[in-house]
Amino acid sequence: MNTSLLPRRPQTTPHVHRPICSLLWLPVLIVVFTFSLMLCVFPANAQTKPVLAQFIDKVPATSLVEGAEGYGQIQNDVPVAPVLKNGEQVGWAFITSDFVGTTGYSGKPIHAMVAVDSNARIIGVKLVKHSEPIVLIGIPEERIEALTAGYVGFDLAAATRNSDHDLNIISGATVTIMVIDDSILRSGIKVARMLGLAGLSPPETSNAPKFEIKSNATAPENWFTLVGDGTVRRMSLDVGQVNEAFAAMDDPRALDRPIEAPGEETFIDMYVTLASIPAIGKATLGERGYNNLKAWLKDGEEAILVTARGQYSFKGSGYVRGGLFDRIQLIQGDMSVRFRDRNHRRVGDIMADGAPQLKEMDIFKVPAESGFDPTKPWRIELLVHRDIGAIERLYTTFDIGWQPPASYLTKITPPVSKADPSVNAEIENDEQAAKTALWQRIWRDKTIEIVVLSIMLLILTAAFFFQNFLTRSAKFTFWFRILFLTVTLVFLGWYANAQLSVVNLMALTNSLVTGFTWEAFLLDPLTFILWFSVAAALIFWGRGAYCGWLCPFGALQELTNRIAKFFHVPQWTLPWGLHERLWAVKYIIFLGLFGTMLASIDQAEKLAEVEPFKTAIILKFDRAWPFVLYALVLLGAGLFVERFYCRYLCPLGAALAIPARMRMFDWLKRYKECGSPCQSCAHECMVQAIHPTGEINPNECHNCLHCQVLYQSEKICPVVIKKLKRQENLLASMEGAQKALNRTRTTKQNLKEKS
C-alpha cells in the first residue's frame, strides 16, 4: 500500500489546562459583562421617524427613477414621498423596511428604496443600506444593482392575483436575494394597497364577525344532497354555451372553428369543494381517504377537490411538461393560486352515495403562504381555448364559485378585554406570518440538502461512537475520511454553501442584544442545522467534530495537502515552542474581531475577511484578485504545513476552541507510555495537537482519529508491539513446555513398552 497518502492525525487525552487558553476566558467574560451593562444603562433610543427620512436626502431622485428631479414632502399617514419629474408627480418612493420587518442573514433589515407609479408598477429600485456580509464583501455591487434593476416594470397588482414569479438567484447569496425579493414585493403591495393604486384596496379592518371551520360539523352522505345544499358546487357547460361565448368575442376568428358537436352535448360537467374541511373530506373521500389527505397536508394548508366529466379536461397535458396546471386557477379576493404537479394528487373514487361516473377526480393543495381563508368565498376559474391557427389560440374563462355553507362555520367570539383589538396587532400578526412563510419556503426548497446533511451528521456521529471498530483498519479509516471530506468540500461547500463563519457568531451576538428572533437564523437551514450540531458536538467531542470533518475550507486544505504529499512535496514541522506560541494568534484575531464588533458590527464583518471562506468556498474563487491571492497563499502554505490556516489563523476555530474545555467525555484513548517515552502519535498528528508530554490539547485537536489508528496499530505503537511480543513469548514458552511434556510422555511410553 502507498503510505504516502495515509493520514497523519491527532489524538487527545486527559485535560491539561494550558495557562494561555484558560486566561482567554477572562477578557471575553469582562467584555461581555461590560457591554451588557452598557446596554442596560444606555438603552437604545426608540426610532420615531420613518426610515425614509434617513435616506431621502442621500438617494438622488434621478438615481432611483430615470429623469426624476426630486422628491416631495413625506406624507404623515403613510411613509412615502412623491417622485417629481418636470414638476409633475410620476410615482411614490418608499423604503421597504418601513413596511416589512424581514431581516437578512445578518439579522438586520435590508433597506431598499422603491418607487411605484399610479398603476402599481415598480419604476425604480435601489439598495441603500444593509448589513449582509456576502454583499458587503463577496458580491460585486454591480451584480446587486443589475438584479434590483430587474424589478423595474414589475406589476404589483398582478402579483396580488398570482404570486408566482421568476427569481434570479446570485450564486452564494441565495438567502439575501430571497429576503430582498420578499421585502420589495411585500412592501410594494402594502404601499399600493394603502395608496389605492391600480384599484387595490387596503386590507379589511372592519368589525364584521369572523368565523372558523366547525370541527364537529356533519355533511350529507349522498351526492345529490351535497350538490343541493352547496357543499359541492357544480358548473355544467354544453357545447352550445361554449360556442356562444366565443361568438360573443370581438375577434371574428373565434367563429371560424366552432366545436363540431351537437349543441346540447356536454362540454364539461365540473364539481368543486373544499375537501380539507373534515366533514366534507369524509363525505367525499371516505374516512380512509380523508386521513390520507390530512397526513399529506401541513399546518395552514388546504385542499380543493375538483372533479369533472365531458369532452374538455380541466387539467390538460401542459402540467406533464411544465409542472403547472394552466387551465384552472383558484381566486379569492385579489389573491390567486395556480396549481403545480407537486401539489396535486389523483383521487381513486368519490365515496358519496349516488356520485356520477367522473372522468377526472383530483385534489389540489393550497399552500399556507398563499393567504387562503377557508371560511371565505372563492372561485375556480376555468380557462377554455380555441385554436384559430397553426400556433394561435383565443381564450375565454368560466367561473365556478364556492363558499362554505353556514353549517360548516362557527362564529369566533373575541376575547373580553378593556381595549378593542388594534389594527397594529393584526399587522404584526400578518408580518410574523409572512416571515414564517419565507423561512418555511426556503426549508422546503432545501429539502434535498437538508436530508443529505442529516445523513452526513448521522454517519459522523456513528463513526465517533464506534471509533474503536472504525480505526481497526488504517486503510479503511483513511479512505473513509478522504471520502467524507470530499463530500464536505463538494456538497456542503461548493454546492450548498454551508460554510460556517465567525460572522455567524457576530450576527447571533448582535441579535441577542438588539432583539433576538429565530427567523433571521432559520433563513439558512443548513447553517442552522450545522450550528446546532456544533453545539452538541462541543459537549461530546470539542471543536474537532466540525473543524476536522464538516468545515469545507478545512477539507480543502487537507485534500490539497494529501495531493502535495502524493507528489512528495516536503512537509515542514515547526519547533514545538514556536508552534505552541503561534496557537495564540487565532485567539488574538478572534478577540480583535469581537472587540471591533462592540463598536461597529459593519466594520467587524469587513475585518472578518481574514477568513478566506467566502472566496474559496462560497464564491469559488470568482472574485477580485487580492482576495483570490490571499486564499491561494493560505492554501499554498497548507501544502507544506498541514492545515496551516486552521492551526494559527482561524478565528472561528478559536471561538469554538474556547468552550471546548467544557466537553464531558474523553473519547480518545491513551496509554500511560504515551509521551514518555513514545512520541509516535505526537509526530504523526496532522495539527500537532499532542504535547511532547503525551496529552492531547482539546482546543487544537481535530478528531481525525489517526491517533486511534495508531493506538491499535500492531506495526507502529510500541505498547501494542510489546504486548504482542509478550503474548508471542508466552505462547512460545507454552508451546515449549507442551513439547517437553510430550517428549516425557513419549519416553515413558517407550520404557513401558520395553519392559
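Of note:
- Restricting 315, 294, 298 to those that are in a loop (DSSP other than H, G, I, E, B), of a type in the set (Lys, Arg) and either touching a residue at least 60 places away in the same chain (Cβ under 8 Å) or surrounded by fewer than 19 Cβ atoms within 10 Å (Cβ to Cβ) (or both) reduces the list to 298.
- Taking segment 215-261 as the range and being surrounded by 15 or more Cβ atoms within 10 Å (Cβ to Cβ) and of a type in the set (Gly, Ala, Ser) as the test, the residues that pass are 217, 219, 230, 236, 240, 245, 254, 261.
- Within segment 516-526, none of the residues are touching a Leu at 6+ places or on another chain (Cβ under 7 Å) and open to solvent by 10 Å² or more (accessible area, probe 1.4 Å).
- Counting only helices (runs of 4 or more DSSP H) that fall entirely inside segment 403-480 and contain at least 3 residues that are within 29 Å of residue 212 (Cβ to Cβ) and either at pLDDT 90 or above or open to solvent by 80 Å² or more (accessible area, probe 1.4 Å) (or both), the qualifying elements are 423-445.
- Only a single item in (1) assigned to a helix (DSSP H, G or I); (2) within 45 Å of the chain's Cα centre (by Cα); (3) not small (Gly, Ala, Ser) is not met by residue 744, and it is number (2).
- Filtered residues of segment 366-388 (kept if in a strand (DSSP E or B) and in contact with a Phe, Trp or Tyr (Cβ under 8 Å, 6 or more places away or on another chain)): 366, 378, 379, 380, 381, 382, 383, 384, 385, 386
- Only one entry in 350, 363, 304 is assigned to a loop (DSSP other than H, G, I, E, B), open to solvent by less than 20 Å² (accessible area, probe 1.4 Å) and modelled with pLDDT of 90 or more, namely 350.
- For residue 622, the criteria (1) open to solvent by 10 Å² or more (accessible area, probe 1.4 Å); (2) in a helix (DSSP H, G or I); (3) not hydrophobic (A, V, I, L, M, F, W, C) hold in every case but one, which is (2).
- All helices (runs of 4 or more DSSP H) inside segment 629-706 with 2 or more residues being hydroxyl-bearing (Ser, Thr, Tyr) and open to solvent by less than 50 Å² (accessible area, probe 1.4 Å): 644-648
- The number of residues in segment 707-732 that are in a loop (DSSP other than H, G, I, E, B) and not hydroxyl-bearing (Ser, Thr, Tyr) comes to 5.
- Scanning segment 112-149 for residues that are open to solvent by less than 20 Å² (accessible area, probe 1.4 Å), farther than 18 Å from residue 605 by Cα and modelled with pLDDT under 85 yields 144, 148.
- Residue selected from segment 318-347 under the condition among the small types (Gly, Ala, Ser), open to solvent by less than 50 Å² (accessible area, probe 1.4 Å) and in contact with a helix residue (DSSP H, G or I) (Cβ under 9 Å, 6 or more places away or on another chain), by the criterion modelled with the lowest pLDDT: 323
- Members of segment 52-94 found to be open to solvent by 20 Å² or more (accessible area, probe 1.4 Å) and in contact (Cβ under 8 Å) with a residue 60 or more places away in the chain, listed by number: 58, 63, 92
- Some residue of segment 600-613 being under 32 Å from the mean Cα position of the chain (by Cα), among the polar types (S, T, N, Q) and surrounded by 16 or more Cβ atoms within 10 Å (Cβ to Cβ): no
- Taking the criterion of being open to solvent by 20 Å² or more (accessible area, probe 1.4 Å) and closer than 25 Å to residue 220 by Cβ, the residues of segment 375-397 that qualify are 375, 376, 377, 379.
The values are calculated or read from the model by the stated rules, or taken from the named source; none is laboratory data. Computed from a predicted model, the values in this text were never measured in an experiment. Glycine gets a Cβ as well: all are built from the backbone with ideal geometry, and neighbour counts include every protein chain shown. The accessibility values were calculated without ligands, DNA or RNA, using every heavy atom of the protein model including side chains. Shrake-Rupley method; radii C 1.70, N 1.55, O 1.52, S 1.80 Å.
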